[in-house]
Every structure is written in structure tokens, then in C-alpha cells.
Amino acid sequence: MADIAEKIMHARDMEMTLDSFARSGGIAPVRAYYISGEFHIVADGETLYSDEGHEYCLQCAEGLLRTALVHLSGDKRDEHRVSSTELHHEDTCKHCLICGALLDYALNDIGVASELDHYLMHPLSRDLRPGDAFHIARMLEAAPADRTVLRIARQALRQIPRVHRRN
Ligand SMILES: [Zn+2]
């Protein structure tokens with residue numbers, strides 16, 4: 001029986017292969033940002049709302065804050081600043097709340113369970129999609145010894161389209 005360290009090494013190899021296929025397929029997660037403080041502005045028939053749980057790509061965070069600042073009084077303005085979030089462990093994969101861009105993330109146990117549910121319900125396409133490769137790599141990163149994660153990862157590797165395989 002392979003020992004646990006050996007298994008985890010193998011999981012890391014699979015994670016790197018999946019990530020490199022994802023990158024070659026144009027998957028480029030961006031850093032996640034949030035706006036400090038909370039605002040809720042209704043102006044010109046539009047609602048501008050943000051709190052520290054909302055995450056965006058840099059461009060959208062800056063755009064939203066710029067629009068909000070126009071409507072805020074001087075002393076309120078100083079409460080808000082765009083900052084990058086720590087790569088804390090998430091319940092789910094993350095996308096910019098405004099434009100939907102894929103944000104970089106790491107999964108916690110709940111996140112792994114929910115991604116596993118997703119892949120058990122929606123089997124992989126015959127030719128692995130780069131986006132799926134990225135999400136499966138995140139499961140491997142968070143749960144490198146989980147048998148179901150490893151099974152799905154092995155299946156994903158087999159389904160990387162032939163032209164992308166190194167051998
Ligand atoms: Zn965005």
C-alpha cells in the first residue's frame with residue numbers, strides 16, 4: 001500500500017497537470033478584491049451596495065467604489081478602500097460579483113463537498129474543459145487524500161484532449 005505522503009505527491013502532480021491544461025485553455029483566475037466598509041446607495045434608480053463579503057476583480061471593485069464615492073459625503077468616503085482579500089478557504093468557487101470573472105480561490109471542506117456533489121451530478125464532458133480542470137485542481141489542492149476527489153481527478157486526466165497531452 002502506498003503511504004500517505006506518496007499519495008499526496010501524486011495528487012500534487014495531478015493538480016499541476018490539470019492547472020497547466022486549464023492555463024493553456026485560457027483559464028486565468030484573477031486576484032479577488034473587496035471594498036472595506038459597507039454602503040447602500042440608491043441614486044438615479046440604481047442601487048449601489050457593497051459589504052466586505054462581496055468580492056470582485058480589481059477593475060470592478062475600483063469602478064464600483066468610484067461610482068459610490070460620487071454619492072457619499074466627505075466623512076463617509078474615507079471608510080471605503082479597495083483591498084485584496086487573503087486567499088482564505090471558501091465554501092464554493094468564486095467569481096467577480098459584477099462581471100463574473102473567475103477569481104483565485106482555495107476550498108475548505110464544505111467547498112470540496114459541494115464541488116464533489118457537482119461533479120457526481122454532472123459527469124465530465126468527454127473532452128475535459130479547461131474550466132473543469134481548474135476546479136478539479138482546486139479540489140485536489142484542498143483534499144489530496146480524498147478517494148472520490150482522486151477518482152474524479154484521474155478521470156479528468158484521462159479526458160484531457162489528446163493534443164494537449166505531453167505523452
Ligand atoms: Zn469584475
When you scan the stretch 53-62, do you find a residue that is loosely packed, with under 15 Cβ neighbours inside 10 Å, closer than 23 Å to CYS96 by Cβ and at pLDDT below 95, even just one? yes
If we scan the stretch 50-64, do we find a residue that is in contact with a Lys or Arg (Cβ under 7 Å, 6 or more places away or on another chain) and charged (D, E, K, R)? yes
How many residues does the stretch 12-56 hold that are within 16 Å of the ligand (Cβ to nearest atom) and within 30 Å of VAL163 (Cβ to Cβ)? 4
Take the residues in the stretch 71-111 that are away from the ligand (no atom under 15 Å from the Cβ), of a type in the set (Gly, Ala, Ser) and not in a helix (DSSP H, G or I), then tell me which one is farthest from the chain's Cα centre (by Cα). SER73
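Rundown of residues vs (1) modelled with pLDDT of 95 or more; (2) of a type in the set (A, V, I, L, M); (3) not assigned by TED's automatic domain parsing to the domain that holds ALA61, yes/no style:
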{"site": "HIS80", "(1), (2), (3)": "yes, no, no"}
{"site": "GLU86", "(1), (2), (3)": "no, no, no"}
{"site": "GLY111", "(1), (2), (3)": "no, no, yes"}
{"site": "LEU128", "(1), (2), (3)": "yes, yes, yes"}
{"site": "ILE136", "(1), (2), (3)": "yes, yes, yes"}
{"site": "ILE152", "(1), (2), (3)": "yes, yes, yes"}
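Condition check: free of Cβ contacts under 8 Å to residues at least 60 places away in the same chain and either among the small types (Gly, Ala, Ser) or farther than 21 Å from GLY25 by Cβ (or both). Does ASP127 satisfy that?
Numbers: free of Cβ contacts under 8 Å to residues at least 60 places away in the same chain: yes; either among the small types (Gly, Ala, Ser) or farther than 21 Å from GLY25 by Cβ (or both): no.
No: the conditions fail for ASP127.
Within the stretch 22-44, count every residue that is assigned to a helix (DSSP H, G or I) and within 16 Å of the chain's Cα centre (by Cα). Please lay out each step first, then the result.
Restricting attention to the stretch 22-44, the residues satisfying the condition of being assigned to a helix (DSSP H, G or I) are 22-24.
Those still in the list that are within 16 Å of the chain's Cα centre (by Cα) too: 22-23.
Number of matching residues: 2.
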Answer with yes or no whether PRO144 is outside the structural domain of THR47 (by TED's automatic domain parsing) and over 21 Å from ILE8 (Cβ atoms). no
Which members of the stretch 112-167 meet the condition of being outside any helix (DSSP H, G or I) and of a type in the set (A, V, I, L, M)? LEU124, LEU128, ALA143, ALA145, ILE160
Would a scan of the stretch 146-156 turn up a residue that is within 16 Å of the ligand (Cβ to nearest atom), surrounded by 14 or more Cβ atoms within 10 Å (Cβ to Cβ) and of a type in the set (Val, Ile, Thr)? no
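Please go through the stretch 71-90 and pick out each residue that is closer than 30 Å to SER114 by Cα, of a type in the set (D, E, K, R) and surrounded by 12 or more Cβ atoms within 10 Å (Cβ to Cβ).
At the first step, the residues of the stretch 71-90 found to be closer than 30 Å to SER114 by Cα are 82-90.
Going one step further and asking which of them are of a type in the set (D, E, K, R), we end up with 86, 90.
Correct list: GLU90 only.
The values are calculated or read from the model by the stated rules, or taken from the named source; none is laboratory data. Bear in mind the structure is a predicted one, so any value in this text is a computation, not a measurement. We place every Cβ from the backbone using ideal geometry, glycine too, and count neighbours over all the protein chains shown.
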